[in-house]
Amino acid sequence: MIPIKQYRDWLSAPRRIAPLVTFRILFGGLMATGAFRFMASGWIERLYGEPDFFFKFYGFEWVEPLSVAGMYWVYGIVGLSALGIMLGLFYRWSALVFWLSFTYTELTDVTNYLNHYYLVVLLGLLLIFLPAHRRFSLDVWRKPALRVETVPAWCIYLIMLQIGMVYFYAGFAKLNADWLFRAMPLAVWLPTKADWPLMGALFTQSWAAYAFSWAGAFYDLTIPFFLLGRRTRPWAYVAVIAFHVLTRLIFNIGLFPFIMIFNTLIFFPAAVHERWLDKLGYGSGATGQKMNVPKAQMSLLRTGLLVYFAIQFLLPLRYLCYPGNVLWTEEGYRFAWRVMLVEKVGQTTFTVRDPHTGRQSEVDNSVYLTAYQEKQMAIQPDLILQYAHHLAEVYQRDYGIVNPEVTVDCFVALNGRASQRLIDPNVNLAAQTDHLMPKPWILPFRQNEIITQR
């Protein structure tokens, strides 16, 4: 066994800071662009002005969005603090404000959850504790004593590990029968691009979906290791660019491809980053001091990071604690890097019944939810439960029904199968509480009910 001291020496060995500087500049610039683009595109009105009801993350039910004007201020803060990260201006405060404000925007409604937003939250958290501003920054210009040329190796390895875990778990999640042996959901999605020049005809071939599925799983599972190898790294990065450009063209997945293309540059050695940064006036030939972290501070930081990465390692595996198919029940689905794994469509009919008179009525979901919220709610059991509770509150408040009963007839089609009931239609959801235990009112998934693939 390798002694613990040797591990510590390896992690604390000095490494030139350039990769961390590149990461800071690209991350901050991309996040600022995303925030200002979000405001300019009118998405704040759509996501915060149109809905009357917002779905909550478990444990964060207390988080409420501000008015549309207030959310413009919040996104303005996100954009400006991201610029502060990019420029290295009041860096620690910029990183903290960015993380708090961006995380707040993500907690306002579960239906807006995307994997790459979650990744931004994690990377933003790590940046608070990383010394990415101590070279080529406005903070160094203001206070030259901050400048260092090297940082402990763990400062760079942390980001590598976080990105590597995203890729690996994304590949691990693809090791399921639908992805590997039915090429789902790519067998549904690719033919919709048949009008593409050159590649359109390829997308209509049944074997193409299988080829893309297997290649995608192989890519996710192996790319971190190829990026670590000196000889394989250049070719691996070409694969990163090709993979994410292609997925950006085929799917509407926002900034995620750019986030991964930029982030994976951290795997390149410092000399490569210094050549790029020199074009901006970095000055790679300069000399400076080595950064040292006090032992007491390092001990506390080490403990915090161990806890953080233990959570990151275990969280994607929590689905194993639940019965049934995670793609169906979605228990343990979020925060697990399950990227582009399902084609899922649902239809819900809610009924509210007065237990004292026996009178009941069907609910028009469009009265309470936007079309996008209804689409997301109809396929996610925990959101169905939240909506049922909301309906019970509305009918008790507006119609004077005491303890109304709320049931749902919900049919969901998963990855080319015929629609199946997702929720027990006889269960009064208004009487059910949300928790982290398995939900018995989610009906079992019938694996063999398959329709012909398109």
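The values are calculated or read from the model by the stated rules, or taken from the named source; none is laboratory data. All values reported here derive from a predicted model rather than from experimental measurement. No Cβ is skipped: glycine too gets one built from the backbone with ideal geometry, and neighbour counts run over all protein chains shown. Heavy atoms of the whole protein, side chains included, go into the accessibility calculation; ligands, DNA and RNA do not. Shrake-Rupley method; radii C 1.70, N 1.55, O 1.52, S 1.80 Å.
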*Say whether the condition of being charged (D, E, K, R) and either under 21 Å from the mean Cα position of the chain (by Cα) or under 30 Å from residue 445 (Cα atoms) (or both) is met by at least one residue in region 205-226.*
yes
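The rows are residues; the columns are (1) among the hydroxyl-bearing types (Ser, Thr, Tyr); (2) open to solvent by less than 10 Å² (accessible area, probe 1.4 Å).
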{"residue": "334", "(1), (2)": "no, no"}
{"residue": "345", "(1), (2)": "no, no"}
{"residue": "350", "(1), (2)": "no, yes"}
{"residue": "366", "(1), (2)": "yes, no"}
{"residue": "378", "(1), (2)": "no, yes"}
{"residue": "391", "(1), (2)": "no, yes"}
*asked:* Among the residues in region 255-273, are any exposed (fewer than 15 other Cβ atoms within 10 Å of the Cβ) and either on the phi > 0 side of the Ramachandran plot or part of a loop (DSSP other than H, G, I, E, B) (or both)?
replied: yes
*Output the residue which, of all residues in region 274-283 that are in a helix (DSSP H, G or I) and touching a residue at least 40 places away in the same chain (Cβ under 8 Å), is most open to solvent (accessible area, probe 1.4 Å).*
276
_Every residue from region 24-38 that is farther than 9 Å from residue 86 by Cα, open to solvent by less than 20 Å² (accessible area, probe 1.4 Å) and out of contact with any Phe, Trp or Tyr (no Cβ under 8 Å at 6 or more places or on another chain)_ = 34
*Of 269, 323, 316, which residue is under 17 Å from residue 122 (Cα atoms) and touching a helix residue (DSSP H, G or I) at 6+ places or on another chain (Cβ under 9 Å)?*
316
*Unique match (being within 24 Å of the chain's Cα centre (by Cα), of a type outside the set (Phe, Trp, Tyr) and open to solvent by 10 Å² or more (accessible area, probe 1.4 Å)) among 184, 165*: 165
*asked:* So, in region 104-130, how many residues would count as being open to solvent by 10 Å² or more (accessible area, probe 1.4 Å) and either within 17 Å of residue 77 (Cα to Cα) or among the small types (Gly, Ala, Ser) (or both)?
replied: 7
_One residue from 77, 85 being at pLDDT 95 or above and either surrounded by 19 or more Cβ atoms within 10 Å (Cβ to Cβ) or not in a helix (DSSP H, G or I) (or both)_ = 85
*For residue 205, all conditions in the list (1) among the polar types (S, T, N, Q); (2) open to solvent by less than 60 Å² (accessible area, probe 1.4 Å); (3) modelled with pLDDT under 95 hold save one; what is the number of the exception?*
(2)
*Quick one: would you say residue 144 is modelled with pLDDT under 95, surrounded by fewer than 19 Cβ atoms within 10 Å (Cβ to Cβ), touching a Ser or Thr at 6+ places or on another chain (Cβ under 6 Å) and more than 19 Å from residue 28 (Cβ to Cβ)?*
no
